[in-house]
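Enquirer: My structure is below; once you've seen it, I'll send some questions.
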Amino acid sequence: MLDFTLARFVVSFVSANLRFVVLLVAPLFVLALIRTHFAAKNAAVIAFAPDGMSAVSSVSGTEFVILLIEAVLWLGAATAWHRLILLREEPSVGSLVPGKREFRYFLVSLMLFLLLALIVLPVAILVSVITLTSGSVFLVLLVSVAMMPLATYFALRFSPVLPRAALELPWLGFKDAWRKTRPYSNAILGWIVVVFAVSVALQLISLVFGRSLPFGAYGTAMLGAVILTPINYFLLFADLTVMSELFRVSANDGEDADRDGGDVPA
């Protein structure tokens, strides 16, 4: 049976701490707008300039640099958010500046990504081969849509490794994370249902209204960035909140509490 406890906690906590979301997201939002500006100009260069491809390389390089800066700052924002939830440590703009803690968080994130790739990709390839050979377009679309919730489920089951890195606690491993989150599988599924419903709704709204906007390609791209970037970051902070709460509720079994030197704050 689906459990929406995590979803209720996320809405409550994020809503109560919106000022910190704004504080951490503001620099990332500005960078996203700048990156979108260059991306839209990039598209215009390709479409209209006779020597467009020569100009694109420099624009694409600028986009990459901005995206890299965003990623680095996001590491600081993510670790700061985990610490706000678990340690009641209020973040500041300075929290975005990366250090050893953020570097460790990046390494753990990379390990988690590689693990998910090892799990999900073989399944995706196998199912894709079966569905493509069947010739059913509907089945192909259904499988494509189903892969994201599947990947999200595995990611959240392993996710306690990320808050542990943010809190600079000893490494326990993915096997332990999977074991500790087993009792909360229904709550994880409930959260995935909520996120999936919100994502579908946003996609439908974008499809319905995006084509009728009278702003041209550049204006539509910028308007989309202004509207969707805060929403996407809100969803990212919501996922971080789920990870932190999963870590908190599953961290205090006897073995882990002994290794961590005490309980995680309630």
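The values are calculated or read from the model by the stated rules, or taken from the named source; none is laboratory data. None of these values were measured; they are calculated from a predicted model. Here the Cβ is made from the backbone with ideal geometry for all residues, glycine too, and neighbour counts use every protein chain on show.
Enquirer: Outside any loop (DSSP other than H, G, I, E, B), more than 22 Å from residue 232 (Cβ to Cβ) and in contact with a Ser or Thr (Cβ under 9 Å, 6 or more places away or on another chain) - does that describe any residue in the range 107-122?
Expert: For the range 107-122, residues outside any loop (DSSP other than H, G, I, E, B), more than 22 Å from residue 232 (Cβ to Cβ) and in contact with a Ser or Thr (Cβ under 9 Å, 6 or more places away or on another chain): absent.
Enquirer: Return yes when residue 168 is out of contact with any Leu (no Cβ under 7 Å at 6 or more places or on another chain), farther than 30 Å from residue 34 by Cβ and of a type in the set (Asp, Glu) and no when it is not. Step through it out loud before you land on a result.
Expert: On the way: out of contact with any Leu (no Cβ under 7 Å at 6 or more places or on another chain): yes; farther than 30 Å from residue 34 by Cβ: yes; of a type in the set (Asp, Glu): yes.
Yes.
Enquirer: Pairs under 9 Å by beta carbon, first residue at positive phi in the range 167-184, partner assigned to a helix (DSSP H, G or I), six or more apart or different chains?
Expert: Between residues of the range 167-184 that are at positive phi and residues that are assigned to a helix (DSSP H, G or I), the close pairs are 168/100; 168/101; 168/104; 173/161.
Enquirer: Go through the range 91-123 and report how many residues are surrounded by 12 or more Cβ atoms within 10 Å (Cβ to Cβ) and of a type in the set (Lys, Arg).
Expert: Residues flagged as surrounded by 12 or more Cβ atoms within 10 Å (Cβ to Cβ) and of a type in the set (Lys, Arg) within the range 91-123 amount to 2.
Enquirer: Right, another one. Given the residues 79, 62, which is the only one that is under 20 Å from residue 172 (Cα atoms) and either modelled with pLDDT of 90 or more or more than 21 Å from the chain's Cα centre (by Cα) (or both)? Explain how you work it out, then say what you get.
Expert: Working: 62 fails: under 20 Å from residue 172 (Cα atoms).
Sole residue among the options that is under 20 Å from residue 172 (Cα atoms) and either modelled with pLDDT of 90 or more or more than 21 Å from the chain's Cα centre (by Cα) (or both): 79.
Enquirer: Read through the list (1) at pLDDT below 90; (2) more than 21 Å from residue 162 (Cβ to Cβ); (3) assigned to a helix (DSSP H, G or I), then give the number of the only condition that residue 257 fails.
Expert: Going through (1) at pLDDT below 90; (2) more than 21 Å from residue 162 (Cβ to Cβ); (3) assigned to a helix (DSSP H, G or I) one by one, residue 257 breaks only (2).
Enquirer: Name the residue, out of 182, 157, that is farther than 13 Å from residue 109 by Cβ and surrounded by fewer than 16 Cβ atoms within 10 Å (Cβ to Cβ). Spell out the reasoning first.
Expert: Values: 157 fails: surrounded by fewer than 16 Cβ atoms within 10 Å (Cβ to Cβ).
It is 182.
Enquirer: Go through the range 239-252 and report how many residues are among the small types (Gly, Ala, Ser) and modelled with pLDDT under 95.
Expert: Here is the first cut: in the range 239-252, the residues among the small types (Gly, Ala, Ser) are 244, 250-251.
Subsequent filtering for residues that are modelled with pLDDT under 95 retains 250-251.
Total meeting the criteria: 2.
Enquirer: Only one of (1) surrounded by 15 or more Cβ atoms within 10 Å (Cβ to Cβ); (2) among the hydrophobic types (A, V, I, L, M, F, W, C); (3) at pLDDT below 85 is not met by residue 151, so which one is it?
Expert: (3)
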